[in-house]
Amino acid sequence: MVSKKLEINTLRNFLFILMALLFFNNCSSLINDKIEFERRLVRSSSKYILDKSLAVNDIVLDQEKSIVTVKGRTTSSELHTDLKTFSDSLSFKYEVVLLPDPSLGDSIHGIVNVSVAPMRDRSSHTAQMVDQAIMGNMVKILYENEDWYLCQTHYDYVGWITKSAVHRCNTDLLFDWKKNAKYRIKTLNAIIYSQPNRSSTPVSDGVLNNRLNISENLSEWYKVTLPDGRVGFIDKKNVELINNGRGNENQNEYIISTALSMKGIPYLWGGNSSKGNDCSGFTQTVFKAAGIQLPRDARQQAQIGKPVKKKNLKKGDLLFFGSGERVTHVGISMGVDDFIHQGSKLEGKVDIHSLNPDSPNFNSYRKETFLFARRITTISNDQ
């Protein structure tokens, strides 16, 4: 009898140890699988997403008991396919949404309906501003929550914009806007009034490069229809037909005159308008006024155009500054050694400086950190 009980206890202990070994083996295998997935995520993200500011890649692992789920969002179809295949090989559940979110249907387009709409890195008014989208600009809506749209600009920058600043539309309505909105505000700021007189109530303010749909031509005023259907009147002196490239020297002179008109505008991180800007937002705004669409960041702008030697600098060439191979700042050449730029934390406003030690505008820091210059040779439409 004692021997039989001993056998039973021994068997129980054996089964317990076996189950424990199996459990720990499964846990160890699951941990290794999760590590392998994280490594794959890093490698594949580096392969398929070359610039994080131009894509969405919010992917995480979630585990409940022994079930591991891959969750999140991405704009990269290549990354989405790669991780789906790898997840299947590990028997992970895969719930990553490829953006635009399919639940948005055909209404994945938007038109900015305020003069300047901040774009933020999170859906919160306290989040860091990464860019600005201006009135009339078209954006792609990638995702939405209760009060915000995750948007991508026509130059591919990604950020959150509050829903009240974007008129959501389908492809047909977007096409109509693009076809009819042929005018832009050419002054640094303007007011759109409710009636064709300056004593009437404003409908909206406006800034340089705001895109407008002119619905009626009056003697001194244009009647305009805003993206969300509001109607107002703007002084003709503030408006011109959009010019997609002015050509040759006239274009360079226009770039400089526009840049000079912004002299003194304060530095604003993420700013990309005549209300405030950072260094690359300043250059993008100025070139946009001349009908040229630059990329958003200085490091991106440094990859376009053609190299030009410092001794051959012309008005309108882009000067790049930084350390080593890392570009951190950009300005616009005024010819030879002088340049105009948004001075970031050092200068704090749009101003003129020089690389010439004999000039009263000499900036020793900018001379020490000057890297190279590029000339924009391709005239391109801004949208």
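Quick note: the coordinates plus some simple rules give every number you see, no bench work behind them. These figures come from a predicted structure and were not determined experimentally. Backbone-built Cβ (ideal geometry, glycine too); neighbour counts: all protein chains shown.
Some points to look at:
- Compared with the dominant principal axis of the Cα atoms in the chain, helix 77-89 is inclined by about 0°.
- The range 251-307 and the range 324-372: distance between their alpha carbon centers, rounded to Å: 14 Å
- Cross-link pairs LYS236/LYS315; LYS186/LYS237; LYS52/LYS84; LYS223/LYS288 - those with Cα-Cα distance over 18 Å: LYS236/LYS315; LYS52/LYS84; LYS223/LYS288
- A Förster radius of 51 Å, combined with the Cβ-Cβ distance separating SER66 from SER344, puts the computed FRET efficiency at roughly 0.50.
- Restricting the range 196-292 to GluC sites (Glu not before Pro) in coil, as DSSP defines it, with at most 14 other Cβ within 10 Å: GLU220
- By DSSP, the beta bridges lying fully in the range 171-279 are antiparallel in about 95 percent of cases.
- Relative to the longest principal axis of the Cα atoms of the chain, the long axis of helix 279-289 makes an angle of roughly 50 degrees.
- The distance between label points at SER124 and LEU50 comes to 3.4 nm (points 7 Å beyond Cα on the Cα→Cβ vector).
- Cleavage-rule hits, trypsin sites (Lys or Arg not before Pro), the range 183-253, DSSP coil, Cβ neighbours within 10 Å at most 16: ARG198, ARG230
- Cα long-axis angle, helix 2-48 against the chain (0 to 90 degrees, to the nearest 10): 20 degrees
- When the chain is described by a simple charge dipole with +1 on each Lys and Arg Cβ and -1 on each Asp and Glu Cβ, the residue from GLY316, LEU260, ASN197 located farthest towards its positive end is GLY316.
- For the range 100-137 versus the range 51-76, the inter-centroid distance based on Cα atoms is 22 Å.
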